[in-house]
Amino acid sequence: MKLRKLAIIAAVACGIPAGHARAEQPTDIQPVSHAAQCDCGQPVCGCESVEPAYQLGDFALAGCDDPACDGGCDSACDSAACYGGSFCGDSELDDPWTLFGEHDGWVAGGWTNIGYHTSNNAGAGILGTGGAPANFNNYADRVQLQQQWLYAEKVTDGTDGLSFGGRIDYVYGTDGPDTQAFGVANNSYDNSWDNGGAYGHALPQVYGEVAYGNTTVKVGHFFTIEGYEVVAATGNFFYSREFTFYNAEPFTHTGVLATHTMNDDKTTLYGGWVTGWDSGFEDNGDAFLGGIGHQFTDNFSLLYTTCMGRFNDDVASPNFGERGTDHCFIATTQLTDKLMNMIQFDYLDTNDAADALVRRAYGLNVDFIYQVNDRLALGSRTEYFNWATPQVRAANPGLNNADLFNQTIGINYNLTANVKIRPEVRWIVDYDRTGVNEDFARNKAIFGMDAIFTF
């Protein structure tokens, strides 16, 4: 059984062009990111137009859109420029180009994501041979189309009364099969839309939305709100994904989700009902999806999200009757004008209908993003992932649970406002040799690089 998502939010690189991805999955995918912050006490070039650099669903560190902050270009631009905004100097980017634009409140766009990596950084699946966790980037040594993404969206705005909108997303590429509604093994919805093995199509989001005042309600098939890495390439800093993201969080849900902001937009509440994990428009469970985010200061925020209940009611699945809880905590800190830190901790614990273990996992991720200028950002991701399944125990006698370490170093460089490249080097230590690395090696270094063209 493949596992996981959206999620939400996103560690996108600063400076990602035009926004159409928001946290994992962009809470609807608008390319954005988790945090942006201006020092409104100082004149800063470009503050007026700054958008959040990193965003967790609908919850992000506050940006600064006060025109008083736009004091013109001076030395303040070098020392106090907004994270993710425009910097004075030769590095400044032009406005991004869009193909479709806006028509009657609807916005359409997309991106093309082409990548290459030297080795598969995924095992046979967390329920596969040896119990090695699965992941994206499992088609090594080939230049490949990973995401050809198209979307259409009308954003709701309830400030002036009742507002209606919605969104639909379509993706084709080697990431397509990992984005389908694979939670029910009956080839329903988009789960049979494969093409040549590695490639496939998916409709990860199809939903309507209504807003009134500070409350919005989403109904349909949508990305989860858990986690800061997402399916959308534009929503992440790194080319590769965490093991936590793929194996300890859902990707999509079908159901109803309400979002309410309060306290001058400092607190965001989430609550809804979903039919399990990663399924299309059919019953695959009965679970609560919700959370709370709070902005404590301009530089620090916390987000907690959870899904609890029944996650899998597919009688054809070996995990039939899977139920339990999944918790995700994210702390985002703007350490300096250019340096941001994100710490995420996940805990997943589920049993089947007979109360036998299905999955138990812990994931700790610590990310640092340093924005050199408007074009260049540097990133580090350190992950510890611990998991236990019946497959792990059966394939490794005497082993109760397995440990995995992942260290990724990467660069984001904006060639233009529409073109970004993301080279990275990733070191994976499969301490218990469960098969995450090829040939069951304990240590493996993987080089990867991709390019994203947004339109």
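Where a number appears in this text, it was derived from the coordinates with a stated rule and is not lab data. If you're wondering where the values come from, they're calculated on a predicted model, not measured in any experiment. When we count neighbours, we look across all protein chains shown, and the Cβ atoms used for this are built from the backbone with ideal geometry, even at glycine.
Are there chymotrypsin sites (Phe, Trp or Tyr not before Pro) in the range 212-289 that DSSP puts in a loop and that have at most 14 other Cβ atoms within 10 Å, and which ones?
F281
Would you mind ranking S163, S240 so that the residue whose beta carbon has the fewest other beta carbons within 10 Å leads the list? Don't skip to the answer; put the middle values down first.
On the way: S163 18, S240 26.
Listing S163, S240 from fewest to most nearby Cβ atoms yields S163, S240.
For the range 311-395, evaluate the Debye formula with one uniform point scatterer on each Cα (no solvent term) and list log10 I(q)/I(0) at q = 0.13, 0.14, 0.18, 0.22 Å⁻¹, rounded to two decimals.
Listed by q, the Debye log ratios stand at -0.59, -0.64, -0.80, -1.00.
Can you tell me what percent of all Cα-Cα pairs in the range 155-271 are more than 21 Å apart? Display every interim value, and only then the final one.
Values: 3144 of 6786 pairs.
More than 21 Å apart: 46 percent of the Cα pairs in the range 155-271.
For the range 398-455, what mean projected area does the convex hull of the alpha carbons give, in nm²?
On the way: hull surface 20.9 nm².
The Cα convex hull of the range 398-455, projected and averaged over all directions, gives 5.2 nm².
To the nearest 0.05, what FRET efficiency results for D95 and Y431 with a Förster distance of 56 Å applied to their C-beta separation?
Numbers: r = 47 Å, r/R0 = 0.85.
After rounding to 0.05, the efficiency reads 0.75.
With a Förster radius of 60 Å, plug the Cβ-Cβ distance of M262 and T382 into 1/(1 + (r/R0)^6) and report the FRET value to the nearest 0.05. The partial results should precede the final answer.
On the way: r = 34 Å, r/R0 = 0.57.
For R0 = 60 Å, the calculated efficiency reads 0.95.
Count the net charge of all other residues whose Cβ sits under 12 Å from the Cβ of E383, scoring Lys and Arg as +1 and Asp and Glu as -1.
Values: positive: R241, R381, R426; negative: E229, E242, D346, D367, D403.
For residues surrounding E383, the net value is -2.
Restrict the search to the range 133-236; then list the trypsin sites (Lys or Arg not before Pro) that DSSP places in a loop and that have at most 11 other Cβ atoms within 10 Å of their Cβ.
Details: sites: R142, K154, R167, K218; in loops: R142.
Those that pass, being in a loop and sparsely packed, are R142.
How big is D for the range 47-454, in µm² s⁻¹ as a whole number, if Stokes-Einstein is applied with the Kirkwood radius of its Cα pairs at 4 °C and 1.567 mPa s?
Values: Rh = 22.1 Å.
It comes out at roughly 58 µm²/s.
Full extension from W273 to V372: what is 0.36 nm times the residue separation minus their Cα-Cα distance, to one decimal in nm? Mind dumping the intermediate values first?
Working: separation 99, 0.36 × 99 = 35.64 nm, distance 4.19 nm.
Full extension of this stretch gives 31.5 nm more.
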